[in-house]
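> My questions all concern the structure below.
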């Protein structure tokens, strides 16, 4: 390896280790790989995801690292199924090519037969026998090909089912069963396009659990996971029928509200906040009280033709203003307010 390349590797290694220490992350191979790639700058999507998280001061913890590793590094079921599908299609294509070779040889035999019959009628019996032999061979190969293609068709149909299931799994957060960040990105693009075409209002709520790190530190990750599931279930139960809810990442959730003006979205957010704050949580094993779960919520409306990233950043800015102002509250930030500071 050239000296310059070695120096780059060393620099990326040192930067990755420094990041692990800075965020108190265990030096696992997965965590190291994420930060090494981030500092090396070879994975633009990973770099953007971490840059947004750092800019918005999101909790950089083991949960986020696991999500990033699954998204950018893991050999997912979806990818494995796709490879299997490609292999099956290559096998079927090979069978078809073999049949083409057989048909070409049969055609050559027919041409030879025509020349032989025209030139020498004495060889007719021998040529007829040869044609019969070639016909029998081609018929057998065709039957074999038909059976192979039927089997390939059955396998492809099975793969289609697996791929559909893998696709659904790839768009679902395994802990909360809500749509995940990838699914959220797709639904935001879809509804923003509809809002531009119809002129209907479109609002977004960004919801973050207050003091979630303290829950994990005090009660452990099992309780933290239970809190995440509770908030996810409450969001899903409290949402209006047309609303879409997703786990945005870590302890943050998003609710997309089509055909909903900003003031109505703020009302939904306030009811959600109040519902969660009123609940008292205790351990199932010994009824030890944990307390209440509160959330901070940022609300913003979509301004027609604005970049989606700007809209999400505005909702995030409202969320972090709610955090700064004491948590357990809803802050609304529309386009005009954002423009004036």
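The values are calculated or read from the model by the stated rules, or taken from the named source; none is laboratory data. Remember, predicted model here, so these are calculated numbers, not experimental data. Virtual Cβ from ideal backbone geometry, glycine too; neighbours counted across all protein chains shown.
> Where the second residue is surrounded by fewer than 21 Cβ atoms within 10 Å (Cβ to Cβ) and at pLDDT 95 or above and the first is in the same structural domain as residue 205 (by TED's automatic domain parsing) and part of a helix (DSSP H, G or I) and lies in segment 311-333, which pairs have Cβ atoms under 6 Å and are six or more apart or on separate chains?
322/329
> Same structure, new question: Can you pull out every residue in segment 283-294 that is modelled with pLDDT of 75 or more and either on the phi < 0 side of the Ramachandran plot or surrounded by 13 or more Cβ atoms within 10 Å (Cβ to Cβ) (or both)?
292, 293, 294 - these are the residues of segment 283-294 that are modelled with pLDDT of 75 or more and either on the phi < 0 side of the Ramachandran plot or surrounded by 13 or more Cβ atoms within 10 Å (Cβ to Cβ) (or both).
> Here is a further query. Is it fair to say residue 229 is in contact (Cβ under 8 Å) with a residue 24 or more places away in the chain, within 24 Å of residue 190 (Cα to Cα) and not assigned by TED's automatic domain parsing to the domain that holds residue 63?
Criteria not met by residue 229.
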